[in-house]
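Novice: Once you've had a glance at the structure underneath, I'll fire off some questions.
The values are calculated or read from the model by the stated rules, or taken from the named source; none is laboratory data. Keep in mind the model is a prediction, meaning the values are calculated, not measured. Don't worry about glycine lacking a Cβ; one is built from the backbone with ideal geometry, like all the others, and counts go over all protein chains shown.
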């Protein structure tokens, strides 16, 4: 963007003056990269007998601010100078192709938003949006951070949040892609893509989880046996893909990735380092634990760093039965790997001195 639109709607209850509207036009032109000072198809100005107020109408854009109003009689829904008060009301007025811009303020007390097909959101810095709960077959994008949770539960839904989700992210059907999450992330039947996450990750019921570009350190105790946990009883394999990431847990005696599948699971880890270096008294950490005989595991250019203390025995990759692990490039590990594993491709390099 050539510039940034700045409008303080949080500390005033008055309408915009003509001078302020003119200034907004200039700033908006910078943001859009066009001269809109006289573009009648984008802007419409009217004067009243009692004030110098000019309306600023922006096609296909709806605004929400803390001093707005949801009483819309004789008001244009696209008037920048007369925004909506709530995200809920703005969504109800929007149609496909609209962008809803949410100005700074706390909107988190509103009910979770269902979204609408083709209606995108821009959450400005300083705005705390409601949560999103998508249960219908729609597609839309959110630019900025979501102040609550994000859940998608429809097979045909395709939703993306390009910012941070403060709460959990949960996809039971369809597709959900987010920048990062401050809570747990879970794919139980749906397809979820994420960067950093807050507490733990879980994949069940044939779900698919992709972690891309994460650089994170978790100190939270894994509640279900592993920082990333897979469990499946469906014919469709559940799938975990990790690319270009560094994932570390500082919790004591942790297992980073645990696959406890009753049917089928696929694990693909590419150009990633897994670190678990906190071993308690007579304890140890585990990098990847493969339970059952229905796992397909592929590792490419990975490093797994674990730790042991006293009588504890660390394993970078553990298995409870015969497994085949496919290696491309290199696999660097600090500790032994389970004897039940059959290595296909390059042999792993075991060196206690590996660091990252």
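Novice: Taking interchain pairs and intrachain pairs at least six residues apart, which have beta carbon atoms under 7 angstrom, with the first residue in the stretch 55-74 and within 16 Å of residue 91 (Cβ to Cβ) and the second modelled with pLDDT under 90 and surrounded by fewer than 20 Cβ atoms within 10 Å (Cβ to Cβ)?
Specialist: If the second residue must be modelled with pLDDT under 90 and surrounded by fewer than 20 Cβ atoms within 10 Å (Cβ to Cβ), the pairs left are 65/9; 65/10.
Novice: Next question, about the same structure. For the stretch 44-80, how many residues meet the condition of being modelled with pLDDT under 85, surrounded by 15 or more Cβ atoms within 10 Å (Cβ to Cβ) and in a loop (DSSP other than H, G, I, E, B)? Before the answer, list the steps.
Specialist: Filtering the stretch 44-80 down to residues modelled with pLDDT under 85 leaves 44-57.
Filter once more, keeping what is surrounded by 15 or more Cβ atoms within 10 Å (Cβ to Cβ): 44-45, 53-57.
Subsequent filtering for residues that are in a loop (DSSP other than H, G, I, E, B) retains 44-45, 53-56.
Counting residues in the stretch 44-80 that are modelled with pLDDT under 85, surrounded by 15 or more Cβ atoms within 10 Å (Cβ to Cβ) and in a loop (DSSP other than H, G, I, E, B) gives 6.
Novice: Let me spell it out: the conditions are (1) buried (at least 16 other Cβ atoms within 10 Å of the Cβ); (2) closer than 23 Å to residue 246 by Cβ, and residue 330 meets all of them except one. Which number is the exception?
Specialist: Condition (1) is where residue 330 drops out.
Novice: Looking only at the stretch 227-239, how many residues end up being under 21 Å from residue 193 (Cβ atoms) and at pLDDT below 90?
Specialist: Narrowing the stretch 227-239 to residues under 21 Å from residue 193 (Cβ atoms): 227-232, 234, 236-239.
Narrowing further to those that are at pLDDT below 90: 231-232, 234, 236-237.
Residues flagged as under 21 Å from residue 193 (Cβ atoms) and at pLDDT below 90 within the stretch 227-239 amount to 5.
Novice: Does at least one position in the stretch 291-307 carry a residue that is under 17 Å from residue 249 (Cα atoms) and surrounded by fewer than 17 Cβ atoms within 10 Å (Cβ to Cβ)?
Specialist: Step one: filter the stretch 291-307 for residues under 17 Å from residue 249 (Cα atoms), giving 302-307.
Add one more test, that the residue is surrounded by fewer than 17 Cβ atoms within 10 Å (Cβ to Cβ), and what stays is none.
For the stretch 291-307, residues under 17 Å from residue 249 (Cα atoms) and surrounded by fewer than 17 Cβ atoms within 10 Å (Cβ to Cβ): absent.
Novice: Considering only residues that are assigned to a loop (DSSP other than H, G, I, E, B) and surrounded by fewer than 18 Cβ atoms within 10 Å (Cβ to Cβ), look in the stretch 238-250 and name the one that is nearest to the chain's Cα centre (by Cα).
Specialist: Here is the first cut: in the stretch 238-250, the residues assigned to a loop (DSSP other than H, G, I, E, B) are 244-245, 250.
Within this subset, residues satisfying the condition of being surrounded by fewer than 18 Cβ atoms within 10 Å (Cβ to Cβ) are 244, 250.
Numbers: 244: 16, 250: 23 Å.
Residue satisfying both the conditions and the ranking: 244.
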